[in-house]
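The structure appears right after this line, and notes come after that.
Please treat every number below as a calculation from the coordinates, not as lab data. Worth saying up front: this structure is predicted, and the values here are computed from it rather than measured. Reconstructed Cβ throughout: ideal geometry from the backbone, glycine too, with neighbour counts over all protein chains shown.
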């Protein structure tokens, strides 16, 4: 084939410079690569992948005189893709379960969901003899590979924000021969194509979570953790501390969790709606319309809004879940990255240790290496145990206020354990030192022993954290033993306060407590 110069589409849409560069790069492969070549193109969420492959379709049809098929994995994406293609002047036919195909010869472009198309191809009801280009949207989903066998004479172009397979057993390099990397998030931000993210992270103990067959945390174990009263309270408090009043999208792992989040925010007086895949089309439209026009509105959902949803006015994203999927991590945060009016930045609140697991959104990732050697990348991801071992426990803000007189509130359990053992002392001395430290915090912020005992109760979550760390140090962490240690610690802390309050109070304040 000879290189052909194609004019811009007369659609009123002006492509950005990096989008034009991508077009030229991809068209070089059309010109020089074999007709059955498989090419993967990476571009961040918000970079305009649909715009790019719509213009690719228009140009391809004009240049090569062969038909184009665009594949999606969700009905919302099929509708959006069909609409975008029409905006680029590409008449297309949507191949869904109800579509009649007796007029397919009248179209040069088709949009189809992969499962529907697979059924039509197996029934031999769809003519693919003249399809020269197959475009696969969200190509990291492995559901597409089942139909590649039907297109052994077609150029396949996959597009994705993260060239990492959703199934670690089916790496993308097995289905694509080359990766073309598009503009980075960092460059898109610096050139005002994407908003920058302010990242807030709250440490969460995730060792109770279980990993399912798909390689990600199970819904059941996630709901057991995130439906907990303490976690719901932590979510609302974190929202109030960092992003209160901003238009917010909350992602959860499980419908029941999302419903409980809805009630927690509703009880706190915030405007919120719950959305999941059981909502009717009309309900979904009403909720999204309300969300668009309501300042400070909140939507709590499951993964239904990770793709096929575009609301540029979003000001904050909450990850009220943990995930082991880099793709999902980028999809969720990407929902808030669109530039909108004066909006040049947005907030991300992480309650799943995801920042620690994957790094900050927009970090400089080597996509080529990830594509070629995904195992190398996956094996380098920190485990939950490794992440949590580096946590520095922070008291919730409302409790921290009650210890305002304490300047030294951090107790490094691991280091104190090491120092104690090296000094030839018993490991029990570590807990004794911790109890003295907690008692000092309570006494510094109390007028009498009764105040101190009340404050000691409020340290429950931190006491649990210290005991968990201690149990790891002594390599003895059966559930019953750790539970006993936590209960025993509380009793000894209360006993210490009753026995030593007056003496310690005078040492700290320089005068005895009032009778």
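How do 206-214, 76-84 rank on mean C-beta neighbours within 10 Å, highest first?
In descending order of packing, they fall as 76-84, 206-214.
Tell me, 21, 102, 137 in order of fewest to most beta-carbon neighbours within 10 Å?
In order of increasing Cβ crowding within 10 Å: 102, 21, 137.
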Along the principal axes of its C-alpha atoms, what lengths does segment 451-513 span, in descending order and rounded to whole Å?
-> 44, 20, 17
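Quick check: residue separation of residue 228 and residue 146 times 0.36 nm, minus the Cα distance between them. What number comes out in nm?
Between residue 228 and residue 146, full extension yields 25.5 nm more.
Per-residue ellipticity at 222 nm for the chain, helices alone: DSSP H runs ≥ 4 residues times -39500 (n - 2.57), over residue total, nearest 500 deg cm²/dmol?
-13500 deg cm²/dmol
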Any chance you could get the radius of gyration and Dmax over the Cα atoms of segment 235-281, in Å?
-> 11.1, 34
What angle, in degrees between 0 and 90 and rounded to the nearest 10, separates the Cα long axis of helix 255-267 from the longest principal axis of the Cα atoms of the chain?
-> 60
Of (1) 98, 61, 52; (2) 97, 61, 47; (3) 94, 49, 43, the label for Cα extents along the principal axes in Å derived from the coordinates | (3)
Rank the residues 473, 442 as a footprinting-exposure proxy: fewest other Cβ atoms within 10 Å of their Cβ go first.
-> 473, 442
What number, in percent, do you get for the relative contact order of the chain if the mean sequence gap of Cα pairs under 8 Å and at least 6 apart is divided by its residue count?
-> 13
DSSP beta bridges in the chain: the antiparallel percent, rounded to 5, is 5
Quick one: if you stick a label point 7 Å off each Cα along the C-beta vector at residue 51 and residue 210, how many nm between them?
-> 4.6
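Place the peptides 181-187, 168-174 in order of packing, highest mean first, counting for every residue the other Cβ atoms within 10 Å and averaging per peptide.
181-187, 168-174
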Calculated Rg and Dmax of segment 189-382 using C-alpha coordinates, Å = 16.4, 49
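How big is D, in µm² s⁻¹, for segment 397-509 by Stokes-Einstein at 10 °C and 1.306 mPa s if Rh is the Kirkwood radius over C-alpha pairs?
The estimated diffusion coefficient comes to 109 µm²/s.
Find the relative contact order for segment 397-509 and round it to a whole percent, using C-alpha pairs within less than 8 Å whose residues are 6+ positions apart. List each step's numbers first, then the result.
Numbers: 86 pairs, mean separation 35.8, N = 113.
Rounded, it is 32 percent for segment 397-509.
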Full-extension gain in nm, residue 369 to residue 280, via 0.36 nm per residue minus C-alpha separation | 27.8 nm
Virtual spin-label span in nm between residue 191 and residue 386, 7 Å along Cα→Cβ | 3.5
What ranking do 469, 498, 429, 321 get, fewest neighbouring Cβ atoms within 10 angstrom at the top?
-> 498, 429, 469, 321
FRET E, pair residue 267, residue 491, Förster distance 35 Å, beta-carbon r, rounded to 0.05 | 0.55
